Amino acid sequence: MNLNYMALAVPVFLFFIGLEYLIAKRTGKKIFNFTSSIANMNVGVAERLIDLFTAGSFYFFYDYLHKHYAMFNIKPTILTWIALILATDLVWYWYHRAGHKVNLFWGFHVVHHTSDEFNYTAGTRITVFQAVVRTLFWSVLPLVGFPASMITTMLIVHGLYPFFTHTQLIGKLGILEYILVTPSHHRVHHASNEDYLDKNFGDMFIIWDKLFGTFAKEDQEAQYGLTKQLDSYSFLWQHFHFLVEIWYAAKRENGLVNKLKIVFGSPSDFDPEIRQIVEKKFLSRHKVRVRTQKFRLYVIGQFSFMVTILFFLLLFEHQTDLFLQIMTALFILITVINCGAILEQRRWVFYLEVVRGFFVILTTFYYFPHPTTFAVFAILTISSLAYFSTLQKQYLNTLYGSQSA
Ligand SMILES: [Zn+2]
Ligand SMILES: [Zn+2]
């Protein structure tokens, strides 16, 4: 059977997250936070999901560039594979450095840094926007002459490696510290300590940071997260807040040149007041953080259910027709938004439940277009509409406790 073995990354990553959690608990290290970990893994789920629909187009894009504009025709040999891994990593270094130095790119990359905790769940915080920007940077590889098949294989390795550098449990790794990007190096990159800002951009090899003057050794305890932490676990807000900030900052400026200066300016010169303005506009002012046991169970339950569906959707990618793929993807996407909004105690999550239910009904009816299916769903829909507000109240009460009603 033609299975998509990349799906195995899902259980492998979950295994390492679980292992890290258990070791941390045993050794009394407080490196996990429920809300933050769920928010981190949510981002990863969405990325894997959207990758299902975009990965193919990246291949065609590289192939097109290679066929039409390649300078050389590079054949796969041991030497060219080594050249490719170095070239991929060098391009990544500059992509990543630009991601921290240019507002527009930071708007995409900041999502990876929003986590205020540093563990393997932070390693899953990769967004699909990042994948798009990265692809554009890596376009130079087919232009030089590397074939698309080599590049996409290399990108799998390059995509898996950095997950393992997101941990506080592994100390320094001796001689490897001189060659590879180790957890110690990457801890520095994720820290907001003054001495650690804009350091260690490398993904697999630390040589580029040493070569281009951005290397810092881990010699003090790291404070993780952004210099000004985002006060929201909302999936949508975490993804779009900085792009919205850029939009508002650019809108305030007169003339195209000044607007472009905002878009392509440096995040360190960005007016911090803009954050307050957009937060006032878009974020709820009445934050209640209630954490009932039922709430946790509901979040964990739906997260586990979603990840299981994601795993099978990826694994049986070639056996699933497009309709089911899209419906399942929409279902997962709504669940991801739901998980984020629930962490924020949003009341509109109930409407997401309704939409989720609608997708299930539509999909079932598509595959079993029988009058009985229709009748059952019609009765269910009518009765739930009749009791809509009671159901809503009950649902919010159960999740958030009586305060929210
Ligand atoms: Zn970064
Ligand atoms: Zn990272």
>> Viscosity 0.692 mPa s, temperature 37 °C: give me the Stokes-Einstein translational D for the chain in µm²/s, with Rh taken as the Kirkwood radius over C-alpha pairs.
In response: 141
> If we count other beta carbons within 10 Å of each Cβ, what is the order of 280, 217, fewest first?
Replying inline: 280, 217
> Using a cut-off of 20 Å between alpha-carbon atoms, which lysines can reach residue 259, once sequence neighbours fewer than 8 places away in the same chain are excluded?
Replying inline: 101, 251
> Considering the chain as a Gaussian network with a 10 Å cut-off on Cα pairs, which listed residue, 105, 34, 350, attains the greatest mean-square fluctuation?
Replying inline: 34
>> How large is the translational diffusion coefficient of the stretch 102-151 in µm² per second when you combine the Kirkwood radius over alpha carbon pairs with Stokes-Einstein at 4 °C and 1.567 mPa s?
In response: 103
>> Please list log₁₀ I(q)/I(0) at q = 0.12, 0.17, 0.22 Å⁻¹ for the stretch 222-313, using the Debye equation with identical point scatterers on the alpha-carbon positions.
In response: -0.59, -0.90, -1.14
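Using Cβ counts within 10 Å as a stand-in for footprinting exposure, how do 63, 203, 269 rank, fewest first?
Least crowded to most crowded, the residues run 269, 63, 203.
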> What does the highest-first list of 44-50, 169-175 look like by mean Cβ count within 10 Å?
Replying inline: 44-50, 169-175
> Dimensions of the stretch 5-211 along principal axes (Cα, Å, largest first)?
Replying inline: 56, 37, 35
> Once the other residues with Cβ under 12 Å from the Cβ of residue 220 are scored (Lys, Arg +1; Asp, Glu -1), what is the net sum?
Replying inline: -3
> What shape does the stretch 294-391 have by the C-alpha gyration tensor, where a ≥ b ≥ c are the square roots of the eigenvalues, rounded means a/c under 1.5, and otherwise prolate means a/b greater than b/c and oblate the rest?
Replying inline: oblate
> Based solely on its DSSP helices, what 222 nm [θ] is calculated for the chain when runs of n ≥ 4 H residues each add -39,500 (n - 2.57) and the sum is averaged over all residues, nearest 500 deg cm²/dmol?
Replying inline: -21000 deg cm²/dmol
> For the stretch 240-282, with the dipole built from +1 on Lys and Arg beta-carbon atoms and -1 on Asp and Glu ones, taken about the Cα centre, which of 248, 276, 265 lies farthest toward the positive end?
Replying inline: 248
> When only C-alpha pairs under 8 Å and at least 6 residues apart count, what is the relative contact order of the chain, in percent?
Replying inline: 20
>> Bins of 10 Å, beginning at zero and ending with the bin holding the largest distance: percent of Cα pairs per bin for the stretch 152-269, please.
In response: 12, 31, 32, 21, 5, 0
> Around residue 102, with a cut-off of 15 angstrom between Cβ atoms, what is the net charge of the other residues, counting Lys and Arg +1 and Asp and Glu -1?
Replying inline: +2
> Which peptide among 150-162, 92-104, 382-394 comes first, and what is the full order, when sorted by highest mean count of other Cβ atoms within 10 Å?
Replying inline: 92-104, 150-162, 382-394
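Provide 5, 59, 120 in ascending order of the number of other Cβ atoms located within 10 Å of each residue's Cβ, fewest first. The partial results should precede the final answer.
Values: 5 8, 59 15, 120 27.
Fewest-to-most ranking of 5, 59, 120: 5, 59, 120.
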>> Against the empirical 2.2 N^0.38 Å scaling, what ratio does the C-alpha Rg of the stretch 240-282 come to?
In response: 1.08
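Report the net charge of residues surrounding residue 172, where surrounding means a beta-carbon distance below 10 angstrom and charges are Lys +1, Arg +1, Asp -1, Glu -1.
On the way: positive: 217; negative: 177, 218.
Summing Lys and Arg as +1 and Asp and Glu as -1 gives -1.
Bear in mind these aren't lab numbers, they're just calculated from the coordinates by the rules spelled out. If you're wondering where the values come from, they're calculated on a predicted model, not measured in any experiment. Here Cβ is always computed from backbone atoms with ideal geometry, including for glycine, and neighbour counts include all displayed protein chains.
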